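The values are calculated or read from the model by the stated rules, or taken from the named source; none is laboratory data. Just so it is clear, the model here is predicted, and its values are computed rather than measured. All Cβ positions, even for glycine, are placed from backbone atoms using ideal geometry, and neighbour counts span all protein chains on display. What goes into the accessible areas is simple: the full protein's heavy atoms, side chains included, and nothing from ligands, DNA or RNA. Shrake-Rupley method; radii C 1.70, N 1.55, O 1.52, S 1.80 Å.
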Amino acid sequence: MRFSEGTHRLHWATAPLRAAIIMIIYFVLIGFSLLLTQTEDGVVLVLGPAVVARFAIVTIPFAVIAAVAGLWTWLALRFRIEHDDLVVETGLLRRRKRLIPLSRIQAIDVVRPLITRLFGLTEIRVELAGGDRSEIALRYLGRSAGQQLRAELLARAAGLPGHTPEAPERPLWRVPFGTLLGSLLFKLPVLGTIVLFLFLVGFGIARGEAGVLAGAIPALLGLLGAVTAPLIMYGGFTAAASPDGLRLRYGLLETRMQTVPPGRVQAVRIVEPLLWRGPGWARVDVTVAGYTGERQALSSVLLPAAPRQVALALVAQVFPGATVDAVPLLPAARGGRVAAAGTDDVVFVTRRGLLCHRTEVIAHARAQSVRLTANPVQRLLGLGTVHVDAPTGPVEVTAIDRDLGEARAIVEATAERARVARARSGNTARWAR
């Protein structure tokens, strides 16, 4: 299959799947209540002829509407690759065409929720530079068709022919389940919540006080959100390097394969909480242009937990030539033990935090602007903060509390390094050329 030849539709199973989703929502909100009957003993489920007839009279029209809606949405979307653009056409009565330059692709995600995995379907999400509405979601394609579309988009975005086979990959790291679970548990807020929950449960059992549930239940829900949800989201996490970018695979229920083409990572943060320093673990967060809002929160983790040397190697993978630990860091004028900054010819690095160390890294070629700010207290003390700006995201590279003279020198030097780095890197939109 070549997506540059002809116009293509989503998988035919998309129509019945969407119709089924509509019917499930209908049954939960309306349909089930039609099967209930008010009696002297209360509301009960009685499948008598009258109840079944009432249910059928309402459900059959809804089923027809759901089937028409599913078929309509399937027919209304068509797509193809035309030259260097992804063309997406929507609508039946009123047609709209959207042309997306492949050079704007920031990442391609292959998402497979649990229910679609049962039917062999795949969702392709194309993340573009340009804000919250820049995502293109193709729900759903067959599994092989989705893989082929991803490979063809990445090849053409790199400046290669569309028939270029999928690039091989080199495994970098697989996060063991024990490491992931331990990293989620070995956090001061989580351990504190566990102690609080056990104390409340023990106190309630010993004293026979049911009122402790008012505190135990929120604590339990907090633990589920802090431990169980990330465990399900990032279970089976693997990172691999390939010529077409960094490939991340993770997820227990909803599996996701995220491909970040070369040069798309804008800034990186290495996080080392206090309790992680014993086993030597670190987490790597990133800012990737194109991810915004909820999508950004779901796709900001480049590595959930790994040895620090693995994290540094991954940073060197996304910022070629970067050796973070080799960059000399100078302490800030105030709070030198918790804040430092330094630079070399490739990256600008800041480090801060006492209980939780945060090392922020940005390549000079990725810096969009450099600025100096000073709040009223800093002005009184003759201090300032240097910001090396990347696109909006979770990682903010800031060198805090520098002497004003030093801060001005950092701004000028960093701006010049960024100019030189951008001139050397050239246009990364067609990186294979």
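For region 68-159, state which trypsin sites (Lys or Arg not before Pro) are in a DSSP loop and have at most 15 other beta carbons lying within 10 Å of their beta carbon. Before the final figure, lay out each step's value.
Numbers: sites: Arg78, Arg80, Arg94, Arg95, Arg96, Lys97, Arg98, Arg104, Arg117, Arg125, Arg133, Arg139, Arg143, Arg150, Arg156; in loops: Arg94, Arg95, Arg133.
Of the trypsin sites (Lys or Arg not before Pro), the ones in loops of region 68-159 whose Cβ has at most 15 other Cβ atoms within 10 Å are Arg94, Arg95, Arg133.
Share of pairwise Cα-Cα distances greater than 13 Å in region 147-209 is 75 percent (whole percent). Can you give me the solvent accessible area of Glu396 with a 1.4 Å probe, rounded to the nearest 10 Å²? Here the accessible area works out near 120 Å².
Tyr250 exposes around 10 Å² of accessible area when a 1.4 Å probe is run over every protein chain in place.
Inter-part distance, region 12-41 to region 348-395, computed on C-alpha centroids, equals 53 Å.
Relative contact order, whole percent, for the chain stands at 12, derived from Cα pairs under 8 Å and 6 or more residues apart. Per-residue Karplus couplings for region 247-256, computed as 6.51 cos²θ - 1.76 cosθ + 1.60 with θ equal to phi - 60°, are listed in order as 10, 10, 10, 6, x, 9, 8, 9, 7, 9 Hz, Gly and Pro entered as x.
Note on surface exposure: Ser369, Ser299 rank Ser369, Ser299 by accessible area, highest first, 1.4 Å probe. If you sort Glu135, Glu127 by accessible surface, 1.4 Å probe, largest first, the order is Glu135, Glu127. For region 262-425, the relative contact order is 23 percent, taking Cα pairs closer than 8 Å that sit 6 or more residues apart in sequence and dividing their mean separation by the residue count. Only one residue of Leu93, Leu231, Leu200 has its Cα farthest out toward the positive end of the dipole of the chain, where Lys and Arg carry +1 and Asp and Glu -1 on Cβ, and that residue is Leu93.
Taking the convex hull of the Cα atoms, report for region 177-234 its projected area averaged over all directions, in nm².
Working: hull surface 16.1 nm².
Over every viewing direction, the Cα hull of region 177-234 projects on average to 4.0 nm².
The length gained by stretching the chain between Leu213 and Val87 to full extension, at 0.36 nm per residue less their Cα-Cα distance, is 39.8 nm.
The heavy atoms of Thr59 offer some 20 square angstrom of accessible surface to a 1.4 angstrom probe. Relative to the 2.2 N^0.38 Å rule of thumb, region 262-425 has a C-alpha radius of gyration ratio of 1.01. Spin-label model, Trp72/Phe177: points 7 Å from Cα along the beta carbon direction are separated by 4.5 nm. How much FRET efficiency would the formula 1/(1 + (r/R0)^6) give for Leu372 and Ala13, where r is the Cβ-Cβ distance and R0 is 41 Å, rounded to 0.05? Working from the Cβ atoms, E equals 0.15. Given the alternatives [x] 50; [y] 34; [z] 44, percent of Cα pairs over 33 Å apart as computed for this entry is given by [x]. To the nearest 10 degrees, how steep is helix 143-157 against the longest Cα principal axis of the chain, on a 0 to 90 scale? Taking the Cα atoms of the chain, the angle to 143-157 is about 30 degrees.
Could you give the Stokes-Einstein D for region 8-158 in µm² per second, using the C-alpha Kirkwood radius, 20 °C, 1.002 mPa s?
On the way: Rh = 18.0 Å.
Once the numbers are plugged in, D ends up at 119 µm²/s.
Dipole size of the chain about its Cα centre, with +1 on Lys/Arg Cβ and -1 on Asp/Glu Cβ: approximately 720 debye, rounded to the nearest 20. Return one number: the angle in degrees, 0 to 90 and rounded to the nearest 10, between the long axis of the Cα atoms of helix 213-223 and the longest principal axis of the Cα atoms of the chain. Roughly 70 degrees, rounded to the nearest 10. Computed from Cα positions, the angle between helix 404-425 and the longest principal axis of the chain comes to roughly 70 degrees.
If R0 is 51 Å, the Cβ-Cβ spacing of Ser242 and Glu40 corresponds to a FRET efficiency of close to 0.15. Comparing Phe177, Pro273, His387 along the charge dipole axis of the chain, the residue lying farthest to the positive side is His387, per the Cβ-charge model. For the chain, the solvent-accessible area with a 1.4 angstrom probe is 50 square angstrom per residue. For region 344-427, the Kirkwood hydrodynamic radius from C-alpha pairs, put into Stokes-Einstein at 20 °C and a viscosity of 1.002 mPa s, yields a diffusion coefficient of 160 µm² per second. For Lys97 and Ile232, the FRET efficiency from 1/(1 + (r/R0)^6), where r spans their Cβ atoms and R0 equals 41 Å, is about 0.60.
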